[in-house]
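Enquirer: The structure that follows is given in the form of structure tokens.
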Amino acid sequence: MSASIVFYAWGGVSLTSILIVSIIGNCLFGLLINRAKHISKLYLLIGISFNLLLLGTFKYGGFIIENLNIITSRINLKPIDNPGIILPLGISFFTFQALSYLIDVYRNETPVQKNLFHLALFISFFPQLIAGPIVRYNYIAKQLTNRKETIDNFSRGIERFVLGLVKKVVIANQFAIVANEVFNLSPDILPQQMAWAGLICYSFQIYFDFAGYSDMAIGLGRMFGFQLPENFDYPYITGSIRQFWNHWHITLGAWLKNYLYFPLGGNKKGTQRTYLNLLLVFIICGFWHGASWNFFVWGLVHGSFMIFERIWFEEKILKKIGKIIPVFYTFSVATLAWVFFETKDLEHSIAFFKVLFIGNQEFSGGNYLVRMFSPEFFVIATPAVAGSFGFFKKIQRVAEDNLPELKHSLVVNSLKTAFILCALVIITILLISDTYNPFIYFRF
């Protein structure tokens, strides 16, 4: 627990107090909910308000003031000074974890944690503190006090951690070279071909960036004896947006379903209410990612497609036209929606979409594309794209079905070890030579 606090403090000592306040506050509210059964719902509501107040103040305070100032400017009132609130790293993730703890205690789905240090370890566990996976308390409760630290777990954890590093440092950063150049250009001078290339690259960048971090978190957790939940399962080969959300950021989708969609009534209060619930959940999902109207629209897009598919499109169309077209549809919708993720504001988003579908007649992207796509890019991107669409997973499955002895083969295991060592050397060189390695989801 202490190591996790120190790890968090490394990113900003002053902001660590927010994490500590969250830990102490949620420990107190958990005890009150458990002891005062006759008014446990009241304490739950106060505990939820406490967490949302922390999240709202530090993540949405500036956004709220900015929008209030737009209103006050129209009625000739003095604008509110923006206090310049700094966003604490990972506040969205550890707040959602704390909320799951309080709600599960209230529902009697998990015993209350009376040990402050054990609860602090759950909320602040450093491998997944900054960007998930989001872990429900009842998933990890027993592991806080009883877990096995073995050589096998440690070695498998290293493998998973290195895989995550490869996804982030080698693959995501390569796609980022193209994506960053495209999204940093003004749409007024952005060629159409270049816009499409940058958007597609961003789609793979954000996947390998976030999936890479999740692999690293799961690997680190396993090295210490923790079994953290999976967070990605080849989302780009799914056949609908509904399926996409069962495979992309799995732990967030599960959290929203258990603590928001079901309490709102789910699909048990009529068709119209179901559609409204879906829309509300995805709008909140959008705002959870960031304090911007872009994220509102991003959530609205996904929620709208969920409703569209539920009405008729998935059952009557997608499930009857094979696998390739539904996968193309899902990837296209998800990729186009990423525009709202990466553009600065809605004005930028609209201008970018105009370039995508109308183009800039005065600018041709041919020369730009030749310069952007180096031979090194194709060497890395080609197998990466194939892997994201399940190509290597299928080869592995066929090999294991037909040659099960390979799994325990000395040659195969030796090659795997050699790959890990080589990957570590290459990644170390890349990290030393390039100090700019941001994880996209750190800012959410």
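Enquirer: Among rounded, prolate and oblate, which fits the range 2-145 when a ≥ b ≥ c are the square roots of the eigenvalues of its C-alpha gyration tensor, a/c under 1.5 means rounded, and a/b larger than b/c means prolate?
Expert: Cα axes put the range 2-145 in the oblate bin.
Enquirer: Counting other Cβ atoms within 10 Å, keep those with at most 16, restrict to DSSP loop, and tell me which trypsin sites (Lys or Arg not before Pro) in the range 238-314 are left.
Expert: Passing both the DSSP loop test and the Cβ count: 268, 269.
Enquirer: Taking DSSP loops as anything outside H, G, I, E and B, show the longest stretch in the chain free of GluC sites (Glu not before Pro) there with at most 14 other beta carbons within 10 Å.
Expert: Maximal segment without exposed cleavage sites: 231-361.
Enquirer: At what distance in nm do the modelled label points of residue 189 and residue 394 sit from each other, each positioned 7 Å from its Cα along Cα→Cβ?
Expert: In this crude label model, residue 189 to residue 394 measures out at 4.3 nm.
Enquirer: A further question follows. Quick check: net charge around residue 68, other residues with Cβ under 15 Å of its Cβ, Lys/Arg +1 and Asp/Glu -1?
Expert: 0
Enquirer: Based on Cβ point charges of +1 for Lys and Arg and -1 for Asp and Glu, what charge dipole magnitude is obtained for the range 196-281 about its Cα centre, in debye rounded to the nearest 20?
Expert: Dipole magnitude for the range 196-281 comes out near 520 debye.
Enquirer: What FRET efficiency would be calculated for the residue pair residue 374, residue 424, taking the C-beta separation as r and a Förster radius of 30 Å, to the nearest 0.05?
Expert: 0.80
Enquirer: Along the Cα-to-Cβ line of residue 10, 7 Å from the Cα, sits a label point; which residues in the range 155-190 have backbone N less than 12 Å from it?
Expert: none
Enquirer: Restricting to DSSP loop positions (anything but H, G, I, E, B) with no more than 16 other Cβ atoms inside 10 Å of their own Cβ, which trypsin sites (Lys or Arg not before Pro) remain in the range 133-188?
Expert: Hits after loop and neighbour filter: 147, 148.
Enquirer: Before anything else, pin down the relative contact order of the chain: Cα pairs under 8 Å, at least 6 apart, normalised by residue count, whole percent.
Expert: 17
Enquirer: Using a ≥ b ≥ c from the Cα gyration tensor of the range 260-389 (square roots of the eigenvalues), is it rounded, prolate or oblate, where a/c under 1.5 gives rounded and otherwise the larger of a/b and b/c decides, a/b for prolate?
Expert: Prolate, because a/c is 1.5 or more and a/b exceeds b/c.
Enquirer: Quick one: which residues, 5 or more positions from residue 360 or on another chain, have an amide H under 5 Å from its amide H? H modelled 1.01 Å from N in the peptide plane, none for Pro or chain starts.
Expert: Hits under the 5 Å cutoff: 192.
Enquirer: Based on DSSP H assignment, which helices of the chain show an axial Cα extent of at least 18 Å together with a mean Kyte-Doolittle hydropathy greater than or equal to 0.5?
Expert: The qualifying helices are 16-35, 40-74, 91-106, 271-289, 293-308, 324-342, 375-388, 410-433.
Enquirer: Which of 272, 174, 193 moves the most in a Gaussian network model of the chain with Cα springs under 10 Å?
Expert: Maximum fluctuation in the GNM of the chain, among the listed residues, is at 272.
Enquirer: Still on this structure, please answer the following. Give me the net charge for the shell around residue 336: Cβ to Cβ below 15 angstrom, other residues only, Lys and Arg +1, Asp and Glu -1.
Expert: Summing Lys and Arg as +1 and Asp and Glu as -1 gives 0.
Enquirer: What is the chain by shape, rounded, prolate or oblate, if you read a ≥ b ≥ c off the alpha carbon gyration tensor as root eigenvalues and call it rounded for a/c under 1.5, prolate for a/b larger than b/c, and oblate otherwise?
Expert: Rounded, because the longest to shortest axis ratio a/c is under 1.5.
Enquirer: Just list whichever of 78/344; 142/394; 59/142 have alpha carbons separated by over 30 Å in the model shown.
Expert: 142/394; 59/142
Enquirer: Grab the DSSP H runs of the chain that are 4 residues or longer, score each as -39,500 (n - 2.57), total them, divide by all residues and round the 222 nm result to the nearest 500 deg cm²/dmol.
Expert: Calculated at 222 nm, the ellipticity per residue is -22000 deg cm²/dmol.
Enquirer: How big is the charge dipole of the range 181-331 about its Cα centre, in debye rounded to the nearest 20, if each Lys and Arg gets +1 on its Cβ and each Asp and Glu gets -1 on its Cβ?
Expert: Here the size comes out at about 800 debye.
Enquirer: Moving on. Considering only 144, 420, 216, whose Cα is most displaced toward the positive end of the charge dipole of the chain, charges sitting on Cβ of Lys, Arg (+1) and Asp, Glu (-1)?
Expert: Value: 144.
Read-outs throughout are calculated quantities, based only on the coordinates presented, and are distinct from any laboratory measurement. Owing to the predicted nature of the structure, the values given are computational and were not obtained by experimental measurement. Using ideal geometry, Cβ is built from the backbone for each residue, glycine included, and neighbour counts are taken over all protein chains shown.
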